[in-house]
Amino acid sequence: MHDYAADETQYEWPKCVAGPSEGPGSHRLRAEELDRWACRPCEDRALKNLRELPALFTRINTTAALVRGASRQGAATSGSKVPPIPPRLEVLSLAAVGGVATRLQAIEDAWREERGRRMEPSAGSPGVAVPKHVDFLVINLQWAC
């Protein structure tokens, strides 16, 4: 995957593509990682983040996450059945079609295509699809790295 330059003085040691390319936090791959795109610590961090996604996705559908000024669950309410306005559109867009589930589906499709695997049909609603996509990505993360 990593070729030596014709002029060996110009050779640049391969770096982890998951971290920053320059400055603090950027780092070279270790000798045993030269067949990888990402180093093992970055793979571990990605795995941790992926495993947190389903719970975070569930939380973005709560009233407290969707509406500015809404009280947290369990707090006293005013008795109004109409939620406070304005809604947080950036959160709504993550929960809707084209949001998190669609982005994860695109990554899964790209990985399946790269591996020559059959594409899977949509998993349904975003709430059902996100955990399924995350499971696929977790299972195939080491390959991707």
Report task. Only one of these is modelled with pLDDT of 90 or more and surrounded by 13 or more Cβ atoms within 10 Å (Cβ to Cβ): V130, V91. Name it. Result -> V130
Query raised in the report: Can you tell me which of A55, A75 is open to solvent by less than 70 Å² (accessible area, probe 1.4 Å), aliphatic (A, V, I, L, M) and modelled with pLDDT of 80 or more?
Result: A55
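Out of I85, I107, report the one residue that is surrounded by fewer than 16 Cβ atoms within 10 Å (Cβ to Cβ), touching a His at 6+ places or on another chain (Cβ under 8 Å) and either at pLDDT 90 or above or of a type outside the set (D, E, K, R) (or both).
I107
The values are calculated or read from the model by the stated rules, or taken from the named source; none is laboratory data. Just so you know, these numbers come straight off a predicted model, no measurement behind them. Glycine also receives a Cβ, built like all others from the backbone with ideal geometry; neighbour counts cover every protein chain displayed. What goes into the accessible areas is simple: the full protein's heavy atoms, side chains included, and nothing from ligands, DNA or RNA. Shrake-Rupley method; radii C 1.70, N 1.55, O 1.52, S 1.80 Å.
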